[in-house]
Amino acid sequence: MNSISTSIVVIPGVVALLLCLLFSYLYQQSRQLYFRAWQIAWACYSIHYALDAFRYYRPPALFAFFASSLFSVAMAVSIFVSTRLTRTSFRFRWYDWALASVGTVLACADLRTLLLSGPLPIDRRPLSLTVLFLSAVLLYCSAVFYLHAHRKGSVAFQLLAFSLALWAVLMASFQSGNPVVEMFGSVGHVLGPIPQMLLGIAMVMVLFENERNAVQENTLALSTLGADPRRLLSADDLLPSMQSALERLAGALSAGRAVIYVAERWRGLLPSVQRGFSPEFLEVLTSSGAGEYICDRAHHQGGCSRSAISIR
C-alpha cells in the first residue's frame, strides 16, 4: 500500500481496532450497556476499514464498498442508541429502525452513484451521502452528550461531546466543494484518528467518574441503611433496608447471587438477606451451621466474597 492508503485506511483502521478492544475492556469492568454499544460500534467501524482495505486490492469491489457503507451506518446507529443507555435500559425504538433505514437508503444511493461514475481511486470518491449522514448523526449525539454533561457536571462527557463534534466536522470536510475546506479535508484523513483517540480517553474518564460516584453513593447509603436514626428499629424493620444494601453491593460486584449473612450474636439487630437463591437457603445456612463457617472464612479474608457477604 502507498502513503495515501496508509493515511486513509491503515492508521484509522488500527486505531478503530484498538478502541474496540478498549471498549470491550471497559464493558467487562463496568457492565454498563453504553460501553457495550460503543464496543459494537467500533467493531463495525473496524470491519468498515477492513473492507476499504480490500478495495485497494480488488477495485472497484462494489460489494465491499456497499458493505463498508452499511457497517459505518451500523456504527452510527450504535452510537445513537448509546445516548439513551446513559439514562435508560436497552430497548430498540421505532426511530432506531428509521435511522438505520435512512442510512441504508443513502448507502444504496452512493452505490448507484459509484456505478454511474465508474471506478475511481478510494481517495477520490464522489460525494458520499453516507458520510454526510454519519456527520449529522455524530453531531446529534454530540449535542445529547453535551446536555447530559451539563446536567451531571461531567468533564468526561464534555470531552466526549467535543470529540464527536470534531470527528463529525472532519468527516463533513471530506465532502465539501470549497477548495479551502477541501485542502483541510485532505489532511483530515491523517487527523481522523485524533478524535477517535480523544473518544477513548473520554470513555476511560467516564468509567472513572462512574466508579467514583458509585463509591460515594454506596458509602452514603450503607452508612445509614436508609433508616430513620431517631427511631429504635427491630431486625424485621430493617429487612427492606438490608435487602437494598445487598442489591447495591451485588451490583458493584457484578454478582447475580449474593448473601448478607449476619452472625448469630448480631442477628437480633440485623436480619440476613439473600439474592438469587431459594427462599429456604438462609434457613439451611442457619440450621446446618454452614452460615457461621462462611462468616468466619469471609471475615478472615477481608469480610466478603463474590458468593457471600458476612457481617460480624
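The values are calculated or read from the model by the stated rules, or taken from the named source; none is laboratory data. Since the model is a prediction, treat every value here as computed from it, not as a measurement. Reconstructed Cβ throughout: ideal geometry from the backbone, glycine too, with neighbour counts over all protein chains shown. Ligands, DNA and RNA are stripped out before the accessible areas are found, and what is left, the full protein with its side chains, is counted by its heavy atoms. Shrake-Rupley method; radii C 1.70, N 1.55, O 1.52, S 1.80 Å.
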- line: Within the stretch 149-197, the count of residues that are part of a helix (DSSP H, G or I) and at pLDDT 65 or above comes to 28
- request: For GLN32, state whether it is of a type outside the set (Val, Ile, Thr), touching a residue at least 60 places away in the same chain (Cβ under 8 Å) and open to solvent by 40 Å² or more (accessible area, probe 1.4 Å).
  value: yes
task: Could you list, in sequence order, all residues of the stretch 38-92 that are within 18 Å of THR113 (Cβ to Cβ), of a type in the set (Gly, Ala, Ser) and touching a Gly at 6+ places or on another chain (Cβ under 9 Å)?
output: SER69, SER72
message: Quick test for you: out of CYS304, CYS295, pick the one residue that is modelled with pLDDT under 75, more than 30 Å from PHE208 (Cα to Cα) and crowded, with 16+ Cβ neighbours inside 10 Å.
response: CYS295
message: Restricting to the stretch 90-108, count the residues that are farther than 17 Å from CYS141 by Cα and either more than 31 Å from the chain's Cα centre (by Cα) or open to solvent by 40 Å² or more (accessible area, probe 1.4 Å) (or both).
response: 7
task: Please specify each residue of the stretch 276-285 satisfying the condition of being open to solvent by less than 70 Å² (accessible area, probe 1.4 Å) and not aromatic (Phe, Trp, Tyr).
output: GLY276, SER278, LEU282, LEU285
message: Regarding the stretch 30-49, can at least one residue be identified that is part of a helix (DSSP H, G or I) and modelled with pLDDT under 80?
response: yes
statement: Scanning the stretch 75-119 residue by residue, those among the polar types (S, T, N, Q) and not in a helix (DSSP H, G or I) turn out to be THR86, THR88, SER89
task: Test TRP42 against the criterion of being under 23 Å from the mean Cα position of the chain (by Cα) and buried (at least 19 other Cβ atoms within 10 Å of the Cβ), and give yes or no.
output: yes
